[in-house]
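The structure under discussion appears below in the form of structure tokens.
The values are calculated or read from the model by the stated rules, or taken from the named source; none is laboratory data. Please read all numbers here as calculations on a predicted model, not as lab measurements. Here the Cβ positions follow ideal geometry from the backbone for every residue, glycine too, while neighbour counts run over all protein chains shown. The area values use the complete protein model at the heavy-atom level, side chains included, leaving out ligands, DNA and RNA. Shrake-Rupley method; radii C 1.70, N 1.55, O 1.52, S 1.80 Å.
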Amino acid sequence: MRRSDWTPDLTHCDVPLFEGIARAIANDIADGRLMPGDHLPTQRALAKRINLDVTTIARGYAEAARIGLVEARVGSGTFVRGSKHPGNASLRRADLADRSMNQPPDVHDEALLGKMRTSMTTISSLMPQLLRYQPGGGVAQDKAAATDWLSRRGILLDQHSLHITAGAHAAISAVLSTLLCHGGSIACESITYPGLRGIAKTIGRELHGLPTDQHGIDPAALAQAATRNQVRVLYQNPTLRNPTTETVPMHRRVEIVEVARKHGIAIIEDDAYGFLPVNPPPAMAMLAPELTFYVASLAKCLGPGLRIAYLLTPRVMEPEDIVESLRAVSVMASPLTSALVTRWIENGLADAILAAVRAETRARRRLLTQALPSECLDTSEFCFHAWIKPPASLGRHRVVDWTRGYALGAVASDDFCIDIEPPEAFRFCLGGAATFDEAKRAVEALASLLQ
């Protein structure tokens, strides 16, 4: 039924107007004033009737579509979804994705998705073994697959012990708990991975943000912190850094390693994005294997829902110490997802997924670099996030709030800063559940706002 008379009740709206429109649609569906199949007013007609700009109406309809209330049909308009619409369950599931998290683009290729589903069926033959507790650090077959996967990054296990963990967060937490059980503090870049702050707070250790230049942290500042702040651990995310996208070059990695050796500082190398570039610099774990705890999460190259990361610890450390900490943090990595990942590595599917992520990332990044002025944009090839500096007249918080009506996620600089005043900047993620067309609309809208 065409509902050209429908008007959203925004009388007591305490949220941005576009969210108020989506909320009004939800309320009217719940109260029976809107029924499945109802044809909503055109954006222009509704904007004129309630004296709002068309952009606000468009964002309101887009937000309602994002949460599965309506659907836009090309050439026809916007319609209320039926409760039994076949796409509803999957759309509601997709909406559970946390857009504040940095994540790769979803795989949309049906042939590749079909192979991924088949792999799930294949490992189901291992039930009930995969539903049991397993040894801390993983079983032999999963470790063999991990060794194979790490070799693609030039990682050799000669001087390291390998552990299968329940994601990078669990691995980093376990390492820091083990290394700092008798005191000391942690150093990192002044703009860094926000999860590190939460981990430091949990284990009761200070976090010190170090000054950086275009190549990474200042080695002299690290040396000062080692004596002044009793820094015992340095956290590094040196390749396609989150959130600022740069990669620490080889010469700076060597300088950092020299300072760490001199002052007895352990290095945690969070190589979450290290598998995305085709030819990245050598991992710090290969430059200083005796100092480096290397964490290779599969979240950014295959998918965060796997919750699997490979942790390498120096052989000079007793493996039992880290296994005990891992057990305290997460008991074990999921045997189900470990077996699935192992299957993907063994049959080449992991390489195919990584190739798909790279290709889609490059295409989306091309959208961004063509749409936004280069002076406000920091980005790198194969990087599905960007560091964007909006005009002072807009401000980061206003822009981040504005993006909430679109399918891509943005996070203000405040969440990433340690010991510095947050700059006018935000991280913009090009991945997640958004389709290419949804990403394109979001990028075009952002470009329009910034310009």
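Data for the structure
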{"quantity": "Residues within the stretch 383-405 that are open to solvent by 20 Å² or more (accessible area, probe 1.4 Å) and not small (Gly, Ala, Ser), tallied", "calculated": "10"}
{"quantity": "Of residues in the stretch 19-45 being assigned to a helix (DSSP H, G or I) and in contact (Cβ under 8 Å) with a residue 40 or more places away in the chain, the one surrounded by the most Cβ atoms within 10 Å (Cβ to Cβ)", "calculated": "Ile21"}
{"quantity": "Count of residues meeting criterion [open to solvent by 60 Å² or more (accessible area, probe 1.4 Å) and charged (D, E, K, R)] in the stretch 46-69", "calculated": "4"}
{"quantity": "So Tyr310, is it closer than 27 Å to Pro128 by Cβ, open to solvent by less than 10 Å² (accessible area, probe 1.4 Å), touching a residue at least 40 places away in the same chain (Cβ under 8 Å) and not hydrophobic (A, V, I, L, M, F, W, C)", "calculated": "yes"}
{"quantity": "Selected residue (only one of Leu367, Leu408, Leu354, Leu430 is closer than 27 Å to Gly68 by Cβ, surrounded by fewer than 21 Cβ atoms within 10 Å (Cβ to Cβ) and in contact (Cβ under 8 Å) with a residue 24 or more places away in the chain)", "calculated": "Leu367"}
{"quantity": "Number of the exception - Leu372 against (1) at pLDDT 90 or above; (2) open to solvent by 50 Å² or more (accessible area, probe 1.4 Å); (3) over 17 Å from the mean Cα position of the chain (by Cα); (4) not hydroxyl-bearing (Ser, Thr, Tyr)", "calculated": "(2)"}
{"quantity": "Residue in the stretch 178-209 that is surrounded by the fewest Cβ atoms within 10 Å (Cβ to Cβ), counting only those that are of a type in the set (Gly, Ala, Ser) and touching a residue at least 40 places away in the same chain (Cβ under 8 Å)", "calculated": "Gly183"}
{"quantity": "Conditions (1) open to solvent by 50 Å² or more (accessible area, probe 1.4 Å); (2) polar (S, T, N, Q); (3) out of contact with any helix residue (DSSP H, G or I) (no Cβ under 9 Å at 6 or more places or on another chain): number failed by Thr212", "calculated": "(3)"}
{"quantity": "Residues of the stretch 398-451 satisfying the condition of being farther than 25 Å from Tyr273 by Cα, of a type in the set (S, T, N, Q) and touching a helix residue (DSSP H, G or I) at 6+ places or on another chain (Cβ under 7 Å)", "calculated": "none"}
{"quantity": "Any hit, the stretch 323-338, residues being over 18 Å from the mean Cα position of the chain (by Cα), modelled with pLDDT of 95 or more and among the β-branched types (Val, Ile, Thr)", "calculated": "yes"}
{"quantity": "Every residue from the stretch 234-277 that is more than 24 Å from Ser177 (Cα to Cα) and outside any loop (DSSP other than H, G, I, E, B)", "calculated": "Met250, His251, Arg252, Arg253, Val254, Glu255, Glu258"}
{"quantity": "Any pair with Cβ under 6 angstrom, 6 or more apart, that starts in the stretch 149-170 at a residue that is under 27 Å from Gly198 (Cβ atoms) and ends at one that is polar (S, T, N, Q)", "calculated": "Ser161/Thr313; Ile164/Ser338; Ala166/Ser330; Ala168/Ser297; Ala170/Ser330"}
{"quantity": "Verdict on Ala285 being among the small types (Gly, Ala, Ser), closer than 19 Å to Met250 by Cα and more than 22 Å from the chain's Cα centre (by Cα)", "calculated": "yes"}
{"quantity": "Among (1) in contact (Cβ under 8 Å) with a residue 60 or more places away in the chain; (2) within 17 Å of Ile268 (Cα to Cα) - the single one Leu112 does not satisfy", "calculated": "(2)"}
{"quantity": "Inter-residue pairs, beta-carbon under 9 Å, first closer than 17 Å to Asp38 by Cα and in the stretch 1-16, second of a type in the set (Ser, Thr, Tyr) and surrounded by 14 or more Cβ atoms within 10 Å (Cβ to Cβ), 6+ apart", "calculated": "Ser4/Thr42"}
{"quantity": "Elements of type helices (runs of 4 or more DSSP H) in the stretch 136-212, at least 2 residues being under 19 Å from the mean Cα position of the chain (by Cα) and among the aliphatic types (A, V, I, L, M)", "calculated": "168-179, 195-203"}
